[in-house]
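Trainee: Take this structure, written in structure tokens, and hold onto it; I'll ask about it next.
The values are calculated or read from the model by the stated rules, or taken from the named source; none is laboratory data. Source: prediction; values computed, not measured. Note: ideal-geometry Cβ built from the backbone for every residue, glycine included; neighbour counts use all protein chains shown. The protein model used for the area step is the full one, side chains on, heavy atoms only, and it has no ligands, DNA or RNA in it. Shrake-Rupley method; radii C 1.70, N 1.55, O 1.52, S 1.80 Å.
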Amino acid sequence: MTVNQLAFFVLFFLSVIIYYCVPRKCQWMALLGLSLLFYHLMGVDNFIYVIVTAVTITCGTRMMYRVDCRLDGEIRNADVKLTRSEKKEKKQRAKSEKKRWLAGIIVINLGILLALKYGDFFVHNANRLLGLFGMDGVNKLGLIAPLGLSYYTLQSIGYALDVYKGKSIPEKNPFKVLLFVTYFPQMTQGPIGRYQSLAPQLYEGHSFSYKNLSYGCQRILWGMVKKAVIADNLRPMAVGIFDKWTSVSGFTLFMACIYTTFQIYADFSGYSDIVCGVSEIYGIRMEENFQRPFFSCSLSEYWRRWHISLSSWFRDYIFYPASISRGAVSFGKLGSRILPPRIAKMFPAVFALSIVWICTGLWHDASWRYIMWGVANGVIIIFAIILKPQFDAVRNKLHIREEVWWWKGFCMIRTFVIVALLKVFPGAGSTMNSLRIYKKIVFEFQPSLSYEALFLNTESFHLIYAAVALVLFFLVSIMQTKGCVRDFLASKPVVVRWTVYLLLLCMIIFMGAFGSTTVGGFEYAQF
């Protein structure tokens, strides 16, 4: 069962009734029961990994908190006032103890993620290396990663890191921690929640609100339009071209990149809209995962607007620590010896960005093509940062102001083309095919306005439905720059509102392409 199926909405409707009928202090229990049931109905019968995550972060965070409490007690209740050096020594010992508990949490949970998701990838590459020396390889592990493993693992580790830093007070009740880990709208595909903002909403009771019901249903409808009408109509077009990449021109392959860009965005943001709408009906606000990424003027801005919960997680828990680490300092010293001071100062950030983008590529998939995709994003962003003064100097010489509409439009189109070209990696199916497709795009572009060159055996209705929905999507995106569309709709008469709702529903029923074969029903569920 997936969140775009009728069975899910039937279950969800019944759950809302139960949720608001039970006492407010018991609502979190209803959410926990529903989350576990949903996880089971998704086809995951073995809860052992989720249980291990919940137990380890419950015990580990409580022990770190106890260390802090013990330290405060020792300093406050000391018979003789402690000197500054004695306080420093006690704090250092406490910090070392907390680090050990934190390391235990990270090693166990990251170890599960690495074994289940990346075990066969590591074994395969180790076997290839052993083969070079004429040595026998080892059998693949054959382990299957449960849906949502990458998402709830990062969310749980983020919670543990926040407790370590003193930003959060750990929860004592292990069942409440289990709810934080398994909250069903976000478990399989995010957004990756932060404990400080999400957990209090999960644990406290909520009264029924017609506004939450209305706004939540509107967002679910809009998410279904994105998923069923845009993403699922574009997917056959993109996949059909990439499957026949050897027999089509580079121009047609570039068109497939464009279709894939819109398709993946509509698929992923459609999911986010559905689950945020579902959560809003319970009175729970989840983090926004997208902020009109196609209006970005640079690749770095695009990633600040795309999959925001993941980008911010890597920023806070990998980039910032890595940029002040010993490795970054050493890398900076090396740069200062061989490069101009301005560029050398950027080396710690470059070091951290390199780690972030390798991790981002690996997070998406255990394959070299996604590692290359991550490295490509990182290289473009790093060079854009380094060369920014030169770009600005050229722009100033040409007397072009950044705020001019046509320059912003040019930057948006440039960014979109870069993003689209990077979609070769997920679309190609293998690392070597990715490189071959890039070669065809560069050397066999052969632009053409023929139907076959543009759409390649695509049924016209797929094209028409997706085009209509895309026009609506961009109109809504433009309206969002002016304010909340749902507030705007709420200010209109009942007849207008219900006409919009019925039109969206008709689009889903008559224009939607159902029966998706992707993992979990959505593209990003496989990650």
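Trainee: Mind checking the range 423-472 for chymotrypsin sites (Phe, Trp or Tyr not before Pro) that DSSP puts in a loop (not H, G, I, E or B) and that have at most 14 other Cβ atoms within 10 Å?
Mentor: Numbers: sites: Tyr438, Phe443, Phe445, Tyr451, Phe455, Phe461, Tyr465; in loops: Phe445.
Answer by residue number: Phe445.
Trainee: If you don't mind, there's one more thing I want to ask. Using a probe of 1.4 angstrom, how much of the accessible area of the chain is carbon and sulfur, in percent?
Mentor: Accessible surface attributable to carbon and sulfur in the chain totals 66 percent.
Trainee: Related question: Put a dot 7 Å past each Cα toward the Cβ at Leu435 and Ser247; how far apart are the dots in nm?
Mentor: Label at Ser247, label at Leu435, 2.6 nm between them.
Trainee: To the nearest 0.05, how large is the calculated FRET efficiency for Gln390 and Phe47 if R₀ is 41 Å and r is the Cβ-Cβ distance?
Mentor: So the FRET efficiency works out to roughly 0.15.
Trainee: A further question on this structure: Using every alpha carbon pair in the range 241-375, what percent of pairs falls into each 5 Å bin from 0 up to the bin containing the largest distance?
Mentor: All Cα pairs, binned at 5 Å, distribute as 2, 9, 12, 15, 17, 15, 11, 9, 7, 3, 1, 0 percent.
Trainee: What full-extension length gain, to one decimal in nm, is calculated for Asn173 and Phe510 as 0.36 nm per residue of separation minus the Cα-Cα distance?
Mentor: On the way: separation 337, 0.36 × 337 = 121.32 nm, distance 4.71 nm.
Extending this stretch completely gives an extra 116.6 nm.
Trainee: A further question follows. Sequence neighbours fewer than 8 away in the same chain don't count; with that in mind, list the lysines whose C-alpha is under 18 Å from Lys117.
Mentor: Lys140
Trainee: Is it possible to state the helix-based mean residue ellipticity at 222 nm for the chain, with each DSSP H run of 4+ residues giving -39500 (n - 2.57), the sum divided by total residues, to the nearest 500 deg cm²/dmol? What is it? Walk me through the numbers before you get to the answer.
Mentor: Details: 26 runs with 374 residues, N = 527.
Rounded to the nearest 500, it is -23000 deg cm²/dmol.
Trainee: Divide, for the range 103-184, the radius of gyration over alpha carbons by 2.2 N^0.38 Å, where N is the residue count.
Mentor: Ratio of Cα Rg to 2.2 N^0.38 Å: 1.47.
Trainee: Summing +1 for each Lys or Arg and -1 for each Asp or Glu, what net charge is found among the other residues whose Cβ lies under 12 Å from the Cβ of Asn127?
Mentor: 0
Trainee: Let me ask something additional. Could you work out the Rg to Rh ratio of the range 1-111, with Rh taken as the Kirkwood radius (inverse of the mean 1/r over all Cα pairs)?
Mentor: 1.23
Trainee: Over the range 122-232, consider all pairs of different Cα atoms and compute the Kirkwood hydrodynamic radius from their mean reciprocal separation; express it in Å, one decimal.
Mentor: After inverting the mean inverse Cα-Cα distance, the result is 18.0 Å.
Trainee: Extension gain Lys90-Leu339, at 0.36 nm per residue separation less the Cα-Cα distance, in nm?
Mentor: So the chain would gain 85.4 nm between Lys90 and Leu339.
Trainee: What ranking, highest mean first, results for peptides 81-89, 24-32, 131-139, 173-181 when packing means the other Cβ atoms within 10 Å averaged over each residue?
Mentor: Values: 81-89: 11.0, 24-32: 16.8, 131-139: 8.4, 173-181: 19.3.
Listed from highest to lowest mean packing, they are 173-181, 24-32, 81-89, 131-139.
Trainee: For a quick protection proxy, order the peptides 152-165, 477-490 by their average other-Cβ count within 10 Å, most packed first.
Mentor: By packing density, highest mean first, the sequence is 152-165, 477-490.
Trainee: Oh, and also: Spelling out what I want: for every residue of the range 177-183, take phi, set θ = phi - 60°, compute 6.51 cos²θ - 1.76 cosθ + 1.60 (Karplus), and round to whole Hz; glycine and proline get x.
Mentor: 5, 4, 5, 4, 6, 10, 3
Trainee: Rounded to the nearest 0.05, what FRET efficiency do Ile358 and Lys492 have when you use their Cβ-Cβ distance and R0 = 35 Å?
Mentor: For Ile358 and Lys492, the calculated efficiency is 0.10.
Trainee: Can I ask one more? Given that compact globular proteins tend to follow 2.2 N^0.38 Å, what is the ratio of the alpha-carbon Rg of the range 410-527 to that value?
Mentor: Rounded to two decimals, the normalised Rg is 1.41.
Trainee: Restricting to DSSP loop positions (anything but H, G, I, E, B) with no more than 11 other Cβ atoms inside 10 Å of their own Cβ, which GluC sites (Glu not before Pro) remain in the range 380-444?
Mentor: Answer by residue number: Glu402, Glu403.
Trainee: Which of the trypsin sites (Lys or Arg not before Pro) across the range 349-433 are loop residues per DSSP, with 11 or fewer other Cβ within 10 Å?
Mentor: Arg401
Trainee: At 7 Å along Cα-to-Cβ for each site, give me the label-to-label distance between Val468 and Ile75 in nm.
Mentor: 6.6 nm
Trainee: Rg and Dmax of the chain, using alpha carbons, in Å: what are they?
Mentor: Cα-based Rg and Dmax for the chain come out at 25.4, 87 Å.
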